[in-house]
1. Hey, does segment 86-103 have a residue that's small (Gly, Ala, Ser), assigned to a helix (DSSP H, G or I) and under 27 Å from LYS139 (Cβ atoms)?
2. Among the residues of segment 4-12, are any in a strand (DSSP E or B) and either touching a residue at least 12 places away in the same chain (Cβ under 8 Å) or under 30 Å from ASP79 (Cα atoms) (or both)?
3. Within segment 104-121, restricting attention to residues that are touching a residue at least 24 places away in the same chain (Cβ under 8 Å), of a type outside the set (S, T, N, Q) and part of a loop (DSSP other than H, G, I, E, B), which residue is nearest to MET76 (Cα to Cα)?
4. Filter segment 32-46 down to residues that are over 17 Å from ILE72 (Cβ atoms) and exposed (fewer than 13 other Cβ atoms within 10 Å of the Cβ), then give me how many there are.
5. Being within 13 Å of the chain's Cα centre (by Cα) and over 19 Å from PRO33 (Cβ atoms) is the filter here, so list the residues in segment 65-87 that pass it.
6. Answer with yes or no whether ILE72 is β-branched (Val, Ile, Thr), modelled with pLDDT of 95 or more and out of contact with any Ser or Thr (no Cβ under 6 Å at 6 or more places or on another chain).
7. Can you work out which of the residues in segment 123-139 that are surrounded by 10 or more Cβ atoms within 10 Å (Cβ to Cβ) and small (Gly, Ala, Ser) is farthest from the chain's Cα centre (by Cα)?
8. Looking at (1) assigned to a loop (DSSP other than H, G, I, E, B); (2) in contact with a Ser or Thr (Cβ under 8 Å, 6 or more places away or on another chain); (3) under 22 Å from VAL91 (Cβ atoms), which one does HIS45 not meet, given that it meets all the others?
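The values are calculated or read from the model by the stated rules, or taken from the named source; none is laboratory data. Note that this is a predicted model, so its numbers are computed, not measured. No Cβ is skipped: glycine too gets one built from the backbone with ideal geometry, and neighbour counts run over all protein chains shown.
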Amino acid sequence: MEGCIFCKIVKGEIPCVKIYEDDRVLSFADINPILDGHTLIIPKHHAGNIWEISADDLAAVHRASQKVAQAIKETMKCDGIACLQLNGRAVNQVVMHYHLHLLPRSDGQPALAMTNWDLKPGNMDSIRKIAGKIASAIK
């Protein structure tokens with residue numbers, strides 16, 4: 001897509017610090033990292049979000065994420081990895097090209113805000129009602 005920074009990276013018009021590449025995906029270091037080892041994985045074919053990406057490209061991104069996550073674990077000696085994927089401006093998606101963030105974490109580090117919330121029991125009637133609506137909309 002014209003103007004998409006990630007599409008320009010795929011085309012080689014903008015450089016990146018490449019980590020992994022195959023015929024469907026590209027993985028590179030985030031140049032605005034949340035922390036050391038912050039890595040992105042994108043499909044080479046433009047898709048703005050989870051609603052637009054093809055099933056094959058989505059599967060390819062996640063197959064590659066497993067390979068890259070293993071390499072991150074080995075090199076960064078991390079105890080865990082957060083896989084973060086945002087869809088739409090309402091959740092602060094900045095680049096409108098599907099991408100998966102891999103964020104290595106070690107025990108004792110401060111929690112990432114998006115991975116740390118209080119567990120409180122929900123209203124089971126409401127949970128069932130909403131879940132039923134979602135389930136009935138699956139095609």
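1. Taking every residue of segment 86-103 in turn, at least one turns out to be small (Gly, Ala, Ser), assigned to a helix (DSSP H, G or I) and under 27 Å from LYS139 (Cβ atoms).
2. Checking segment 4-12: not a single residue is in a strand (DSSP E or B) and either touching a residue at least 12 places away in the same chain (Cβ under 8 Å) or under 30 Å from ASP79 (Cα atoms) (or both).
3. For segment 104-121, the residue satisfying everything is ASP107.
4. Residues in segment 32-46 being over 17 Å from ILE72 (Cβ atoms) and exposed (fewer than 13 other Cβ atoms within 10 Å of the Cβ): 1 in total.
5. Within segment 65-87, GLN66, ASN87 meet the criteria.
6. Yes: the conditions hold for ILE72.
7. GLY132
8. Only one criterion in (1) assigned to a loop (DSSP other than H, G, I, E, B); (2) in contact with a Ser or Thr (Cβ under 8 Å, 6 or more places away or on another chain); (3) under 22 Å from VAL91 (Cβ atoms) is unmet by HIS45, namely (3).
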